Amino acid sequence: MFSTETRVRVRYAAPAVVFGLLTALEGSAPQSLYARLYVIKIAAVTVTLWLCRSTLRDIKVSSRGVGLAVVTGLVVVALWVGLDKWIPYPHFGSRTGFDPYSLVDPTRRAALLAARLYGLIAVVPIMEELLLRSFVIRYATDTDLSHVPVGNYSPLGVWVVVGLAAGSHPEWLSAIVANVSYNLLLGRTRSLFTTIVA
């Protein structure tokens, strides 16, 4: 029914599409549903990553380059917060906020906090790096991914990724700086694992 190339594209994109659709639903739903919807979203993206697990082979766990990844991540955090705090620039939209302490039941609060940490530390970095720096950056370089190993890319690939990241974050200027940094890290280490760590 679908070509092999189409199935490959779907596997890389599906987790991010599920995340984006459920984030839009979460943002338009009443605040009283936020905790449930967030847990559902992270569970749905986790299941989608598992269903598309063939893409996970692009992540090679290694200690090589992890120190540079940690430094890059810390610099990006400082720049992201600093740019957003000290440089006034128009944002694209806004983020949905939710105070977990508004949940009276401590079990529900703990479940939400655990889901948030799991989502922020594991699900989102893996999903984003598989999409942006394993698929998009290589696909923009050559539509036949077998010709472009992870970590290799063209200038066009870099700017397509930076543009997509900027367009999908309210803090577009910070997203540009972060994604240029992550692209440089990928080029230096040739490791998707290091960009996930960062």
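Considering helices alone, the calculated mean residue ellipticity of the chain at 222 nm is -20000 deg cm²/dmol, with DSSP H runs of length four and up weighted by -39500 (n - 2.57) and normalised per residue.
If you place +1 on the Cβ of every Lys and Arg and -1 on the Cβ of every Asp and Glu, how big does the dipole about the Cα centre of the chain come out, in debye to the nearest 20?
So the dipole magnitude of the chain works out to roughly 420 debye.
Ordering Thr4, Ala178, Leu156 by Cα displacement along the dipole of the chain toward the positive end leaves Thr4 in first place; charges were set at the Cβ atoms of Lys, Arg (+1) and Asp, Glu (-1). Computed with a 1.4 Å probe over protein heavy atoms only, the accessible area of His91 comes to about 80 Å². 3J(HN,Hα) along the stretch 130-137: 5, 6, 6, 9, 9, 9, 4, 5 Hz, from the Karplus curve 6.51 cos²θ - 1.76 cosθ + 1.60 with θ = phi - 60°, whole Hz, x for Gly and Pro. Ordered by 1.4 Å accessible area with all protein chains kept, Asp144, Asp99 run largest first as Asp99, Asp144. In terms of the Cα gyration tensor, with a ≥ b ≥ c the square roots of its eigenvalues, is the stretch 1-98 rounded because a/c is under 1.5, prolate because a/b exceeds b/c, or oblate? Oblate shape, in that a/c is at least 1.5 and b/c is the bigger or equal ratio. In this structure Leu185 has an accessible area near 10 Å², from a 1.4 Å probe over the protein heavy atoms. Using a Gaussian network model of the chain in which every pair of alpha carbons under 10 angstrom is joined by a spring, one finds that among Tyr38, Tyr89, Tyr139 the greatest mean-square fluctuation is at Tyr89. Largest GNM mean-square fluctuation among Gly97, Gly73, Gly187, using the chain with Cα springs under 10 Å: Gly97. Could you tell me whether the stretch 78-169 comes out rounded, prolate or oblate from its Cα gyration tensor? Rule is a ≥ b ≥ c as square roots of the eigenvalues, rounded for a/c under 1.5, then prolate if a/b exceeds b/c, otherwise oblate. It comes out oblate by the Cα gyration axes.
The alpha carbon centroids of the stretch 122-179 and the stretch 1-75 are separated by 14 Å. Once the 1.4 Å probe is applied to the protein heavy atoms, the chain comes out at 55 Å² accessible per residue.
Measuring nothing but protein heavy atoms, the accessible surface of the stretch 102-169 at 1.4 Å probe radius is 69 percent carbon and sulfur. For the chain, the residue among Thr23, Leu120, Leu83 whose Cα projects farthest onto the positive side of the dipole built from Cβ charges is Leu120. Helix 106-118 and the longest principal axis of the Cα set of the chain meet at an angle near 10°. What is the angle, in °, between the Cα long axis of helix 4-28 and the longest principal axis of the Cα atoms in the chain? Nearest 10 is fine, range 0 to 90. The angle comes out at about 20 degrees. Angle between the Cα long axis of helix 172-189 and the longest principal axis of the chain, 0 to 90 degrees, nearest 10? Roughly 40 degrees between the two axes.
The values are calculated or read from the model by the stated rules, or taken from the named source; none is laboratory data. Not measured: the values here are computed from a predicted model. Cβ sites come from the backbone with ideal geometry, for glycine too, and all protein chains shown count toward neighbours. Protein only, heavy atoms only, side chains kept; ligands, DNA and RNA dropped before computing areas. Shrake-Rupley method; radii C 1.70, N 1.55, O 1.52, S 1.80 Å.
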